Amino acid sequence: MNQKEWKIPYERPPIPDELLRCGCTPLLASVLALRGVTSREQMDALLHGGEEQLHDPMLLREMPQAVARVHRAVERHEKVAVYGDYDVDGITSTCLLTDYLRSKGLDCVPYIPDRNEEGYGLNVGAVDTLNQQGVQLIITVDCGITGVEEARHAASLGIDMIITDHHECGDGDLPDAVAVVDCKRPDEVYPNHYLAGVGVALKLVCACEDNTSEMIERYCDLAAIGTVADVMPLVGENRYLVRRGLDKIMRAPRPGIAAMLRESSMDARRLTASSIGFSLAPRLNAAGRLGCPSVAARLLMTADSVEATSLAVELCELNRKRQSIETAIWDEANTILSASPPDAPIVLASDKWHQGVIGIAASRLAEQYSLPAIIVCLNGEVGKGSCRSYGGFNLFDALSACSEHLIGFGGHALAAGLNIRSDKLDDFRAALARFYRDNKPAPVPEVQADLLILDPSLLSIDNVRSLDALEPYGNANPRPTMCLSGVRLESAGDVGGGKHFRLRARLGRESFEGIFFSHNERELDLHSGESVDIAFTPQINEYHGHVSVQLMISAMRRHDPLDLCRRLLDGDRGVLWAASPYCPERGDFIRVWHQIQQPGFVLPDTARAILSLAPPGMEAEKYALCLAVLQEVGLLSSPEGSIYGGCAARIDGKADLEATEIIRELKSY
């Protein structure tokens with residue numbers, strides 16, 4: 001049974017008239033308004049923003065120096081290396097810049113370090129290797145911002161270096177390079193501090209070519225894949241790049257991308273950011289995780305459809321292998337933790353775990369235990385760890401505070417990597433726990449709905465289809481989560497061999513089908529006839545020519561009226577809209593009046609205790625409303641002037657319950 005804490009928005013949602021006049025459906029207008037979009041101008045910028053969303057790449061610090069050095073390399077026909085990272089953002093960045101430099105006639109060597117042997121970022125050994133190959137200029141993508149020693153070593157060999165990155169710079173010095181282009185630089189004035197690594201690489205080629213439109217058209221597909229895979233905010237220019245990239249993939253995909261779409265059974269005509277995040281990116285990532293990033297890079301750069309198909313098959317097989325390894329790590333880690341559930345950040349280490357997959361396992365543990373999680377892969381006396389945050393906890397700050405126990409670290413607030421000596425693990429774990437206790441983020445509900453649905457017409461086919469305008473969904477522009485509260489299950493049961501839960505729920509005069517994947521009736525303990533709360537996203541389901549709205553469920557529970565009733569008992573008139581389906585009638589008031597007139601009857605001092613007194617068959621919400629109305633007319637009073645501790649009271653004359661503000665407002669909805 002799902003016991004997560006829920007936050008349901010009980011206030012009436014805004015539906016701006018201006019958005020309705022612009023042609024928005026009520027559902028789309030409401031979602032836009034909840035995201036701060038209330039005017040046509042704001043709506044057009046979000047939904048239809050064009051190249052005006054893009055910023056001048058020359059605004060980035062030291063971009064002029066980077067452009068001048070690239071131009072010099074082209075003029076002198078120098079040998080150049082593009083040094084990337086082994087994740088999707090790094091691979092797409094490497095492919096983008098390598099392709100561009102080769103198109104300018106340069107001998108360009110792509111270099112992606114081996115995750116297991118070299119680890120993340122620049123390393124001196126790789127610089128030596130590139131030096132032996134005659135490289136005169138190294139350009140990093142999606143890495144390098146902490147490579148102070150490596151840049152110094154390159155300079156000693158006569159190799160120039162351009163750093164392009166998007167990771168946090170930390171408190172240390174920047175590398176001494178020809179140019180350091182990083183949207184997270186402390187002195188950065190570029191308006192978008194949340195470019196992906198591939199976004200920064202794209203900005204470099206736009207600046208070098210002095211033709212943003214042409215470069216965007218050429219590379220927006222790679223930029224979209226890297227930006228989505230690295231979970232960058234999909235607003236402003238990021239949103240524009242991803243939308244353009246999705247359009248290009250659907251219109252004219254590269255041979256490698258087309259092959260990957262076929263092998264993963266994805267419909268290119270209906271590609272979304274979610275498709276990239278959950279299907280395409282994991283397959284590309286699998287190559288880097290298992291030490292074969294060149295497979296993914298070759299796939300994205302090949303022009304040969306036969307080679308593309310072969311590489312796509314290889315990537316899909318690597319992904320299946322990755323899934324198997326990940327499951328084994330997850331099972332072992334979960335077994336360790338289940339014996340003694342943690343209350344501080346999880347730090348686990350083993351010399352048996354595959355370094356390339358521990359990040360995924362850390363993410364799953366963070367979700368499972370609602371805590372930051374760090375999994376360390378030990379190799380002798382040294383370990384490499386993957387860190388994942390939870391609940392807004394800033395991992396980068398935490399690692400900075402505990403850095404005396406680490407060899408090194410880098411990354412973002414939500415995800416990071418570290419190197420640590422095995423004999424420092426206990427000290428690090430204790431220091432991290434202390435930092436967490438002192439900087440614990442405010443608790444947030446695990447289920448947060450954007451919109452409470454009371455009117456079934458909001459879930460019409462036209463309304464739900466209109467939400468497609470919000471694509472691409474992603475970080476900072478999530479798919480809206482909606483909620484049904486206190487609806488009746490008409491039917492419920494398992495499907496898919498007991499793996500999934502299918503239901504039919506009634507809202508007013510309408511019924512809606514829903515599916516809750518990876519959950520079953522036994523786990524949920526919910527059955528036909530019960531009243532439930534459902535968190536979901538609506539989608540259009542088309543099957544054999546029949547079109548309907550289906551609820552894609554993210555959480556379910558037996559109906560819990562406590563929060564709404566507590567607010568009603570506390571006198572919160574802002575939630576009357578949510579309580580309007582429970583508007584009491586005369587017979588309900590008579591039952592409650594008879595109850596509170598009993599000799600010695602006094603209402604308890606907590607909402608839960610009050611609701612336990614509701615007459616048989618009366619919904620808790622209706623009981624709370626009856627008490628609130630009786631208090632408004634003076635038939636219920638307490639020494640403190642609240643409902644709590646209240647008892648029956650007498651008034652002069654006859655009480656007109658229908659004339660109360662509460663009843664009038666309830667009936668106005």
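The values are calculated or read from the model by the stated rules, or taken from the named source; none is laboratory data. Since the model is a prediction, treat every value here as computed from it, not as a measurement. Neighbour counts are summed over all protein chains in view; Cβ atoms, including those assigned to glycine, are modelled from backbone coordinates with ideal geometry. Surface areas here come from the heavy atoms of the whole protein model, side chains and all, with no ligands, DNA or RNA. Shrake-Rupley method; radii C 1.70, N 1.55, O 1.52, S 1.80 Å.
The modelled label-to-label distance for the pair residue 48/residue 438, using points 7 Å beyond Cα in the direction of Cβ, is 5.3 nm. Amide H contacts of residue 490: 504, 505, 506, 529, each under 5 Å away and 5 or more positions distant or on a separate chain (H built 1.01 Å from N in the peptide plane; Pro and chain starts excluded).
Ordered by solvent-accessible area of protein heavy atoms (1.4 Å probe), largest first, the residues 558, 251, 586 come out as 586, 251, 558. In the context of the full set of protein chains, residues of the chain present 44 Å² of accessible surface per residue (probe radius 1.4 Å, heavy atoms only).
For the pair region 120-140 and region 193-213, the centres of their Cα atoms are 23 angstrom apart.
Around the amide H of residue 383, modelled in the peptide plane, lie the amide H atoms of 420, 421, 422, all under 5 Å away and 5 or more residues distant in sequence or on another chain. Based on C-alpha pairs under 8 angstrom that are at least 6 apart in sequence, the chain has a relative contact order of 11 percent. What percent does the relative contact order of region 525-660 come to when contacts are Cα pairs within less than 8 Å and at least six residues apart? Answer for region 525-660 is 20 percent. Taking Cβ atoms as reference points and 13 Å as the exclusive limit, the residues near residue 103 contribute a net charge of -1, counting Lys and Arg as +1 and Asp and Glu as -1.
The loop-placed chymotrypsin sites (Phe, Trp or Tyr not before Pro) in region 379-470, going by DSSP, include none that has at most 13 neighbouring Cβ atoms within 10 Å of its Cβ.
At R0 = 30 Å, how high is the FRET efficiency between residue 340 and residue 446 if r is their beta carbon distance? Nearest 0.05 is fine. My answer for the efficiency is 0.85.
In plain terms, the chain from residue 379 to residue 598 could stretch by 71.4 nm, reckoned as 0.36 nm per residue minus the Cα-Cα distance.
Scaled to the globular estimate 2.2 N^0.38 Å, the Cα spread of region 533-615, given as radius of gyration, is 1.61. In order along region 264-278, the Karplus-derived 3J(HN,Hα) couplings, from 6.51 cos²θ - 1.76 cosθ + 1.60 at θ = phi - 60°, round to 9, 6, 9, 7, 4, 6, 10, 6, 10, 4, 5, 4, 5, x, 9 Hz, and Gly and Pro are given as x. Length gained on full extension, residue 510 to residue 267, computed as 0.36 nm times the residue gap minus the Cα-Cα distance: 84.3 nm.
Would you please state which residues of region 608-648 a label at residue 570 would reach in this model, taking the label point 7 Å out along Cα→Cβ and a backbone N cut-off of under 12 Å? The answer is none.
Dividing the helix sum by the residues of the chain, where each DSSP H run of 4 or more adds -39500 (n - 2.57), gives a mean residue ellipticity at 222 nm of -12500 deg cm²/dmol. Ligands, DNA and RNA left out, the accessible area of the chain computed with a 1.4 Å probe is 47% carbon and sulfur. Remark: the residue 58-residue 590 segment gains 184.1 nm on full extension, using 0.36 nm per residue and subtracting the alpha carbon distance.
Of the whole protein surface, residue 206 contributes about 10 Å² of accessible area at a 1.4 Å probe radius. Under the simplified labelling scheme, the residue 462-residue 303 pair shows an inter-label distance of 4.9 nm, with each label point 7 Å from Cα along Cα→Cβ.
Net charge of the neighbourhood of residue 75, taken over other residues with C-beta under 12 Å away and scored Lys/Arg +1, Asp/Glu -1, is +3. Taken along the Cα-to-beta-carbon direction at a fixed 7 Å, the label points for residue 5 and residue 544 span 4.6 nm. Of the residues 164, 481, ranked by 1.4 Å probe accessible area with the largest first, the sequence reads 481, 164.
Across region 655-663, rounded Karplus estimates of 3J(HN,Hα) from the backbone phi angles (6.51 cos²θ - 1.76 cosθ + 1.60, θ = phi - 60°) give 7, 9, 5, 5, 8, 5, 4, 5, 5 Hz, Gly and Pro being marked x. The GluC sites (Glu not before Pro) of region 608-642 meeting both criteria, a DSSP state outside H, G, I, E and B (loop) and at most 15 other C-beta atoms within 10 angstrom of the site's C-beta, are 640. Using a cut-off of 24 Å between alpha-carbon atoms, which lysines can reach residue 4, once sequence neighbours fewer than 8 places away in the same chain are excluded? Residue 4 reaches 440, 499.
Each residue of region 42-53 was assigned a 3J(HN,Hα) from its phi angle through the Karplus curve 6.51 cos²θ - 1.76 cosθ + 1.60 (θ = phi - 60°); the sequence is 5, 5, 4, 5, 6, 8, 10, x, x, 5, 5, 6 Hz, with glycine and proline shown as x.
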